[in-house]
1. Taking the stretch 157-169 on its own, how many of its residues are assigned to a loop (DSSP other than H, G, I, E, B), surrounded by 14 or more Cβ atoms within 10 Å (Cβ to Cβ) and in contact with a strand residue (DSSP E or B) (Cβ under 8 Å, 6 or more places away or on another chain)?
2. Does the stretch 285-338 hold any residues that are in a strand (DSSP E or B), surrounded by 15 or more Cβ atoms within 10 Å (Cβ to Cβ) and among the small types (Gly, Ala, Ser), and which are they?
3. Based on this model, can you work out whether Thr298 counts as in contact with a helix residue (DSSP H, G or I) (Cβ under 8 Å, 6 or more places away or on another chain), touching a residue at least 12 places away in the same chain (Cβ under 8 Å) and over 20 Å from Ser360 (Cβ atoms)?
4. With respect to Ser101, determine if the residue is of a type in the set (S, T, N, Q), out of contact with any Gly (no Cβ under 7 Å at 6 or more places or on another chain) and under 30 Å from Asn299 (Cβ atoms).
5. Looking at Leu346 and the list (1) outside any loop (DSSP other than H, G, I, E, B); (2) surrounded by 15 or more Cβ atoms within 10 Å (Cβ to Cβ), which single condition is not satisfied?
6. If Ser154 satisfies every condition in (1) under 15 Å from Leu218 (Cα atoms); (2) exposed (fewer than 14 other Cβ atoms within 10 Å of the Cβ) but one, which is the exception?
7. Within the stretch 132-156, count every residue that is in contact (Cβ under 8 Å) with a residue 24 or more places away in the chain, assigned to a strand (DSSP E or B) and among the hydrophobic types (A, V, I, L, M, F, W, C).
8. Only one of Gly251, Gly215 is over 15 Å from Lys321 (Cα atoms) and in contact with a Leu (Cβ under 6 Å, 6 or more places away or on another chain); which?
Amino acid sequence: MMIPFKKYHLLQLLNDYEQTAKPLDLQINHYFRANKALGSKDRAYIAQTACDIVKWKGLLDALAPSPDWDQRLKVYEANKNSLDDPVSRYKDTFPLHVCVSFPHELFECLVNSYGAKKAAAICLASNRQAPTFVRANTLKISRNELLDIWNDLSVRPAAQSKNGIIFDKRMNFFTLNEFKKGYFEVQDEGSQLLADLVQAKPGDHFMDYCAGSGGKTLAVAPQMENRGQIYLHDIRKNALIEAKKRLRRAGVENGQVIFNQSTKLSKLKRKMDWVLVDAPCSGTGTLRRNPDMKWKFTNDALGSYVSKQRIIFERGLSFVKPGGHIVYATCSLLKEENQNQLDFFLKNHSLELSAEPFQSIPEDGGMDGFYGVVFKKPVK
């Protein structure tokens, strides 16, 4: 029997993905570029179904006669409706981590952090489609003005972020004139709230120590009103090059990138009013957007992240002036990377806690999972 066109390409993509080390979203993009004959509806079906099958692979393998993509697709199509409440349907047949389609090691870490019931709810939310948030760039436009421009789109204000907007339908933002003009950035509401922990004022000196391509810097910059200085540092040169482009589009005039090993770094020690350390982590709070990441999780990798976070935090702290603040942030849900690190930093560094930590948990229709805490460096 001939396989329908879009299913043929779906299975081809998944088989290609299994042979590569690329993340699934990158593999999907590469596949679509190599197969331009695929129409928009076919691409939408292939991308969404591929992500769903990878998310539910643990449960699908338990139900399938053999663990291959063809069988997983057949089982997925036959049981799609039961994935709304798999715990009730399969709890007497499979262990809980299989019902929620999570690897055992990672599930146990979540149970250790939240208890079994909440851990299962987090897993189920992480297996569902993430909502789409954007942030109005108030250097150029207010949220209300942007909402007025988009009055013919299915959009509404975000519940908690003061500049956030949620899209009820998925679309290609990067073709919008408002994006090209720098009126907004795509950013999860939790990430926006995390950036709000940095309370840099006009005239301050702020360093985004693990800046990447500058997402959180772009959220902090408007409150500084292009006065003072923003420094973006990262070990990844290409990410900083992309950050420069984003700063230009957003109208940020007081930002400069500091490449790794730059001689400028030593001159900035103990000069910053604010430092943000958005530390590399397990990414367990953003699994909805990275569906294959959970299958790569190991306790050894978690331990490695914990060690790196402590080293990076100490390096970032060296740039904070007396009386200044440092924000430690992750997109992790695990206490090993969050609460335990807070305790470690207070015990091993002369710091004061400025406020209660921020934490968000993935929920259906809500923001991703983030953690952030603000420390103050005392004046000696």
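1. Of all residues in the stretch 157-169, those assigned to a loop (DSSP other than H, G, I, E, B) come to 158-163, 168-169.
If we keep only those that are surrounded by 14 or more Cβ atoms within 10 Å (Cβ to Cβ) as well, we get 158, 160-161, 163.
Then keep just the ones that are in contact with a strand residue (DSSP E or B) (Cβ under 8 Å, 6 or more places away or on another chain); that gives 158, 161, 163.
Count: 3.
2. Kept after step one, since they are in a strand (DSSP E or B), are these residues of the stretch 285-338: 320-330.
Checking the rest, the ones that are also surrounded by 15 or more Cβ atoms within 10 Å (Cβ to Cβ) come to 320-321, 324-330.
Within the stretch 285-338, Gly324, Ala329 qualify.
3. Details: in contact with a helix residue (DSSP H, G or I) (Cβ under 8 Å, 6 or more places away or on another chain): yes; touching a residue at least 12 places away in the same chain (Cβ under 8 Å): yes; over 20 Å from Ser360 (Cβ atoms): yes.
Criteria met by Thr298.
4. On the way: of a type in the set (S, T, N, Q): yes; out of contact with any Gly (no Cβ under 7 Å at 6 or more places or on another chain): no; under 30 Å from Asn299 (Cβ atoms): yes.
Taking the combined requirement at face value, the residue does not satisfy it.
5. Looking at each condition in turn, Leu346 falls short on (2).
6. Just one mismatch for Ser154, condition (1).
7. Within the stretch 132-156, residues that are in contact (Cβ under 8 Å) with a residue 24 or more places away in the chain, assigned to a strand (DSSP E or B) and among the hydrophobic types (A, V, I, L, M, F, W, C) number 3.
8. Details: Gly215 fails: in contact with a Leu (Cβ under 6 Å, 6 or more places away or on another chain).
Only one candidate passes the filter, namely Gly251.
The values are calculated or read from the model by the stated rules, or taken from the named source; none is laboratory data. Just so it is clear, the structure is predicted and the values come from calculations on it, not from any experiment. Please note: Cβ atoms are built from the backbone with ideal geometry, for glycine as well, and neighbour counts cover all protein chains shown.
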